[in-house]
Amino acid sequence: MMEKQRMYVSIADRTILSSTDQAAALEVIVNEEELAELHYILGQLADADSDALIDEFTLISFKPIEEINARYQSQLDSLYRAIYRSGTPKTRHAIAVANESIGMEGAT
């Protein structure tokens with residue numbers, strides 16, 4: 001069995017650190033495989049964000065904003081699910097409360 005380690009995920013900064021001084025960081029306890037998954041999803045989120053930004057400001061693309069943001073939202077939902085699975089009780093509670101407040105109870 002792989003050893004688990006305590007890490008802190010900042011979605012806004014797109015970082016995963018072993019220590020934090022950020023109030024917004026979400027605490028997870030992960031093994032190497034789970035950590036790699038979180039890094040991968042953060043990378044996918046960054047790519048989706050860049051693509052959405054390009055689509056939004058490209059005049060030849062007349063897509064609805066929901067379509068432009070769909071890939072980003074999908075990656076963000078995947079990231080929150082992965083954080084929830086590996087999260088501490090405090091992190092899971094914070095995600096559950098946030099989901100409830102925006103009407104996404106099924107996202108966890």
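The values are calculated or read from the model by the stated rules, or taken from the named source; none is laboratory data. These figures come from a predicted structure and were not determined experimentally. Backbone-built Cβ (ideal geometry, glycine too); neighbour counts: all protein chains shown. Accessible surface areas use protein heavy atoms only, side chains included; no ligands, DNA or RNA. Shrake-Rupley method; radii C 1.70, N 1.55, O 1.52, S 1.80 Å.
Sort out which residues of the stretch 1-20 are loosely packed, with under 14 Cβ neighbours inside 10 Å and either of a type in the set (Gly, Ala, Ser) or part of a loop (DSSP other than H, G, I, E, B) (or both), and write them in order of number. Across the stretch 1-20, the qualifying residues are MET1, MET2, GLU3, ALA12, ASP13, SER18, SER19. Checked against the criterion of being at pLDDT below 95, buried (at least 17 other Cβ atoms within 10 Å of the Cβ) and either among the basic types (Lys, Arg) or more than 11 Å from the chain's Cα centre (by Cα) (or both), the candidates ALA23, ALA52, ALA98 yield just one match: ALA52.
Contact annotation: residue pairs with Cβ atoms under 9 Å, 6 or more positions apart or on different chains, pairing a residue in the stretch 26-46 that is open to solvent by less than 60 Å² (accessible area, probe 1.4 Å) with a partner that is among the acidic types (Asp, Glu), are VAL28/GLU34; VAL30/GLU37; ASN31/GLU3.
The set of residues in the stretch 69-95 being among the polar types (S, T, N, Q) and open to solvent by less than 30 Å² (accessible area, probe 1.4 Å) consists of SER86, THR88, THR91.
For (1) free of Cβ contacts under 8 Å to residues at least 12 places away in the same chain; (2) touching a strand residue (DSSP E or B) at 6+ places or on another chain (Cβ under 6 Å); (3) under 19 Å from ASP13 (Cβ atoms); (4) not polar (S, T, N, Q), each residue gets a yes or a no:
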residue: PHE57; (1), (2), (3), (4): yes, no, no, yes
residue: LYS63; (1), (2), (3), (4): yes, no, no, yes
residue: ALA82; (1), (2), (3), (4): no, no, yes, yes
residue: GLY87; (1), (2), (3), (4): no, yes, yes, yes
residue: VAL97; (1), (2), (3), (4): yes, no, no, yes
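Residue count for the stretch 1-26 satisfying the condition of being polar (S, T, N, Q) and within 20 Å of GLN44 (Cβ to Cβ): 2. Would you point out the residue of the stretch 55-68, among those that are in a loop (DSSP other than H, G, I, E, B) and surrounded by fewer than 11 Cβ atoms within 10 Å (Cβ to Cβ), that is modelled with the highest pLDDT? Across the stretch 55-68, the extreme among qualifying residues is PRO64.
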